[in-house]
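Peer 1: The structure under discussion is supplied below as structure tokens; questions concerning it will follow.
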Amino acid sequence: MKDNNFTITLDKFYQGYSPLAFQNSLTEYGGVGHASVMTNVDVINGDYLTQGPALSTLTNGATTELIQYIMDRAVASSVTYGIGTSKLFKITPTTVTSDGTFPHAIANCTDGESVVDLNGVLYYFYNKASGGDIGTFDLNSTFDDDWGSSTDAALQKAPHPVATKEDIMVFGNGQYLGALVGATLDVQKLDFGDNREVADVLFNANKWWIAVNSGITGTNRTEGQIYLYDGGALSSVLDDETGVGVQRIGFLYRLNGIIYVAYQDLSSAGFIIGYISGTQIKPLSRFTGDLPNFAQKTLYKSTILFLSSGLVFSAGALIPDLPFQLSQIADGGFTTVGAIAAPFGTPMISSTQTVSEVTSYKIAKFSGYDTNCSWKSIIFPVSLGKMKGYIDDVVVLTKALGANARADLTIEADQAVTTSNSMSITGTGKTRHLFSATGLSGIEDFRVALSWANGNATNDCPIRKILIQGHFEENA
């Protein structure tokens, strides 16, 4: 504020959600670039705010069930694998393969869990009506659907996260950690005890990291622990542990040597993304939504992408100089999402929905720009005693716009009860957009709302900066 005037500049959109957006969509807490609400918006590039990626469906005549896990790397050139309710799928960057071999119907499978390759063999984990099993595929033509139970023993009916290192594979098996070391399979290598369940596993710094939830699941509170285990998977003794308290762990993720954790406290809506520091979990960001699991995470532009409540979120920063952010970047496709992965560099998401008793399934990948995109700033108070704020001008700076690029801006005033005239940000080649007729009189507070509903799927409308200029007048 200077004299009787004020200028509020909105930039630094890379900050993502306000830290309190999960609790209050009308929050005043945060910086000028923080959002209180957003839908399918890309803020992670660092310099501007723009439309999130749209989805392009893979050719998927073979997708007749929800694919619940997609390998996050290619096994061969442009080939990866996923597992669904009852089948093993072969996936390329453009198609879900349908031929004489794939999809492969897995005998007795009722719930696919995970897939991994180790030394030229594909291992697929799944549950049955009772218990579970591990199947193998030689990446040529031979399947052995009950390899696990015939080699050692049946698995528990439980989540089966899996990770590999050189010639070692470890996996979750309900209350047990299983391991394949060389040719020796032990599905009960470690026993964490009754009412405990391995939620995720990974390898880092010559240790296996094992996330375990204890307690009765469902709507009951559980306690999460993260254990460190011998990298050779030979010992029966755990090295160390980190507790998250009475909070349920969803997934672990390793990025640049840092172990990130998604976890949930049932006494509060939503979940937390944090990282492990010594024997502590340091919380980074929090938002409302379902707790993602081990099949619902991947890497995208140096940030962790994960699925929650049918949507795709980003957590992290493009470069270390930018702050850690949480944002909602893309839609998940159909109503119910399954898995996310980026084995070929571009994220792909599986999903399903039922409309008028017709159930559909698909895998879709990021492609082009979505137009179902919106963003709202935090609330800015502009009243001082008897003085109310009057907005005189709105200046929007963009990148040079392409043909048909467009976003619409409104001012939501007085706790978002009153809305200004709509201001159209468009014009081929334009970079500066000035608006004076907002249609608002004296206001107590406001937030900026952007919508790309009238935008373009090819030429996006990137916002670099927004300046709100106004003055104060007495208004009893």
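Computed from the coordinates by the stated procedures, all read-outs in this text should not be read as laboratory data. These numbers were taken from a predicted model, which means no experiment stands behind them. With ideal geometry, Cβ positions are generated from the backbone for all residues, glycine too; neighbour counts draw on all protein chains shown.
Peer 1: Quickly estimate the mean residue ellipticity at 222 nm for the chain, helices only: each DSSP H run with n ≥ 4 gives -39500 (n - 2.57), and the total goes over all residues, rounded to 500.
Peer 2: Working: 1 runs with 5 residues, N = 476.
Using -39500 (n - 2.57) per qualifying helix, the result is 0 deg cm²/dmol.
Peer 1: Okay, next question. Name the residues whose placed amide hydrogens come within less than 5 Å of the amide hydrogen of Lys87, ignoring near sequence neighbours (fewer than 5 apart) on the same chain.
Peer 2: Ile106
Peer 1: Would you work out the relative contact order for the chain, in percent, from Cα pairs under 8 angstrom that are 6 or more residues apart? Write out the running numbers ahead of the final one.
Peer 2: Numbers: 1376 pairs, mean separation 77.1, N = 476.
Worked out over the chain, it gives 16 percent.
Peer 1: Give me Trp147, Trp452 ranked fewest to most by other Cβ atoms within 10 Å of their Cβ, as a rough exposure proxy.
Peer 2: Working: Trp147 18, Trp452 28.
By the 10 Å Cβ count, ascending: Trp147, Trp452.
Peer 1: Could you work out how far apart the two model spin labels at Thr151 and Leu266 are, taking each label as a point 7 Å from the Cα in the direction of the beta carbon, and quote it in nm?
Peer 2: 3.6 nm
Peer 1: Going by average Cβ density within 10 Å per residue, which order do the peptides 162-172, 400-410, 428-438 take, highest to lowest?
Peer 2: On the way: 162-172: 20.3, 400-410: 18.6, 428-438: 13.5.
Ranked from most to least packed, the peptides come out as 162-172, 400-410, 428-438.
Peer 1: Can you tell me how much longer the chain between Asn119 and Asp99 gets when fully stretched, taken as 0.36 nm per residue apart minus their C-alpha distance, in nm with one decimal?
Peer 2: 4.7 nm
Peer 1: OK, next. Apply the Karplus parameterisation 6.51 cos²θ - 1.76 cosθ + 1.60, with θ equal to phi minus 60°, to every residue of the stretch 136-148 and state each ³J(HN,Hα) to the nearest whole Hz, in sequence, with x for glycine and proline.
Peer 2: These are the phi-based 3J(HN,Hα) values: 10, 9, 7, 6, 10, 8, 9, 10, 10, 5, 10, 4, x Hz.
Peer 1: List every residue whose amide H lies under 5 Å from the amide H of Phe251, counting only residues 5 or more places away in sequence or on a different chain, with H placed 1.01 Å from N in the peptide plane.
Peer 2: Excluding prolines and chain starts, which carry no amide H, the hits are Ala262.
Peer 1: Quote the charge dipole size of the stretch 57-284 about the Cα centre in Debye, to the nearest 20; the model charges only the Cβ of Lys and Arg (+1) and of Asp and Glu (-1). Mind showing how you got there, number by number?
Peer 2: Working: 13 positive and 25 negative charges, 125 e Å.
Dipole magnitude for the stretch 57-284 comes out near 600 debye.
Peer 1: Using +1 on the beta carbon of Lys and Arg, -1 on that of Asp and Glu, and nothing else charged, what's the dipole of the chain about the Cα centre, debye to 20? Working shown, then result.
Peer 2: Working: 30 positive and 45 negative charges, 231 e Å.
It works out to roughly 1100 debye.
Peer 1: Indicate the gyration tensor shape class of the stretch 306-346 (rounded, prolate or oblate), computed on the Cα atoms with a ≥ b ≥ c the square roots of the eigenvalues: a/c under 1.5 is rounded; otherwise a/b larger than b/c is prolate and the rest oblate.
Peer 2: Working: a/c = 3.31, a/b = 1.67, b/c = 1.98.
Note, shape of the stretch 306-346 comes out oblate.
Peer 1: Then there's this: Per residue of the stretch 250-262, what does 6.51 cos²θ - 1.76 cosθ + 1.60 with θ = phi - 60° give for ³J(HN,Hα)? Whole Hz please, x for Gly and Pro, Karplus curve as stated.
Peer 2: Calculated HN-Hα couplings, in order: x, 8, 10, 8, 9, 9, 6, x, 9, 9, 9, 9, 9 Hz.
Peer 1: Determine, for each peptide in 328-334, 191-197, the mean count of other beta carbons within 10 angstrom over its residues, then list the peptides with the highest first.
Peer 2: Details: 328-334: 24.4, 191-197: 14.4.
Highest-to-lowest ranking by the protection proxy: 328-334, 191-197.
Peer 1: For Lys430, which sequence-distant residues (separation of 5 or more, or a different chain) have an amide H within less than 5 Å of its own amide H, given hydrogens modelled in the peptide plane?
Peer 2: Amide H neighbours of Lys430, under 5 Å, 5+ apart: Leu401.
Peer 1: Tell me, how many Å apart are the Cα centres for the stretch 144-162 and for the stretch 358-416?
Peer 2: 50 Å
Peer 1: I'd like the FRET efficiency for Glu444 and Ser302, computed as 1/(1 + (r/R0)^6) with the beta carbon distance as r and R0 of 45 Å, rounded to 0.05.
Peer 2: 0.65
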